[in-house]
1. I'd like the Karplus ³J(HN,Hα) series for region 107-118: coefficients 6.51, -1.76, 1.60, θ = phi - 60°, whole numbers in Hz, and an x wherever there's a Gly or Pro.
2. Can you give me the long-range amide H partners of K79? Hydrogens built in the peptide plane at 1.01 Å from N, cutoff under 5 Å, separation of 5 or more residues or another chain.
3. Give me the distance in nm between label points sitting 7 Å out from Cα along the Cα-to-Cβ direction at M238 and I200, one decimal.
4. R0 = 35 Å: FRET efficiency of R95 with L47, Cβ-based, nearest 0.05?
5. If packing is taken as the mean number of other Cβ atoms within 10 Å per residue, what is the order of 159-165, 48-54, highest first?
6. Which value in nm describes the separation of the simple spin-label points at K79 and I174, placed 7 Å from the Cα toward the beta carbon?
7. Placing +1 at every Lys and Arg Cβ and -1 at every Asp and Glu Cβ, with all other atoms neutral, what dipole size does region 105-238 have around its Cα centre, in debye to the nearest 20?
8. Run the paramagnetic zone check for W208: 7 angstrom along Cα to Cβ, then residues of region 90-113 with backbone nitrogen under 20 Å.
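Read the figures in this text as sums done on the coordinates, not as results from a lab. This one's a predicted model, so the numbers in the text were calculated from it and none came from an experiment. Cβ: placed from backbone, ideal geometry, glycine included. Neighbour counts: every protein chain shown.
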Amino acid sequence: MSSRAAPIIIAVVFGPKLFKIVTAALKSAKAAKLGLGVASMAAYSWLFTWEFAILIMVSLIIHEYGHIWAMRAVGIPTKGIYLIPFVGGAAVSERAFKNRMEEQFVAIAGPIFGLAQGCFLYLLYLLLDLPLLGAAAGWVALFNVFNLLPIPPLDGGRIVKSATFSIGKIWGLIFMGAGFAGAFLLMLLMDFWLLGVIAIVSFFEILWEARASGRDGEFHVRRMDRWQVLQSLGLYVMVIAAFVALMVASSSVPEGKLALQIMRSD
């Protein structure tokens, strides 16, 4: 199949079915700060290519929109999506979580929306036989797997933090301390500065949780019961497994490595 005809086929076949989803995403995009969005696009274009930068931007918006959707579903007012150059994005709420169930629900929603995006890209690859789409699905999976590492303030860290603090304050603080140490160690081993930023944020989040929960045992955040903790951790593991399966499937895409090389630079 000609790669030139692919965009037309995608628009005709899948356009009407995706109209509602795209409309919702555009409404959320209004809340994103234009300056940060332009700066992020420029930053990723400088690091990679403008084509790959578009993939990164779309992936970030879809992921963060998942958090926005979840916040609205539980009645949390939102300030919108903020795209941060070289770092990623953030869905900002107007109030803190009232309970750990809210926290883990909002945290897992972003990766679930990312999983839907990755599966959709891989399905398009199977239908259109375009290796670029298969490689893009693999990148989306890799990005989300990193975000699901059990290190606060990453989504995976927030999910496990909600579970461990529901078991007990000491368990929660032990987990957060281990997450901070893990981020710092990975930064040294991988020479990846973003992990250093994550470690710093993790450290201050430990201080906040220690002081907040120390006032009255659980501050204003109610715990999950044991069944909810098991459900939360079970869903967390299943989403990670789905992303890993998508990565494995994408790694076998014919010319998948060539497709990634095309996205890097000319």
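1. Those phi angles translate into 5, 7, 5, x, x, 5, 5, x, 5, 4, 5, x Hz.
2. V92, S93, E94
3. 3.8 nm
4. 0.50
5. Most protected by this proxy first, the peptides run 159-165, 48-54.
6. 3.5 nm
7. With Lys and Arg at +1 and Asp and Glu at -1, about 420 debye.
8. Answer for region 90-113: 90-111.
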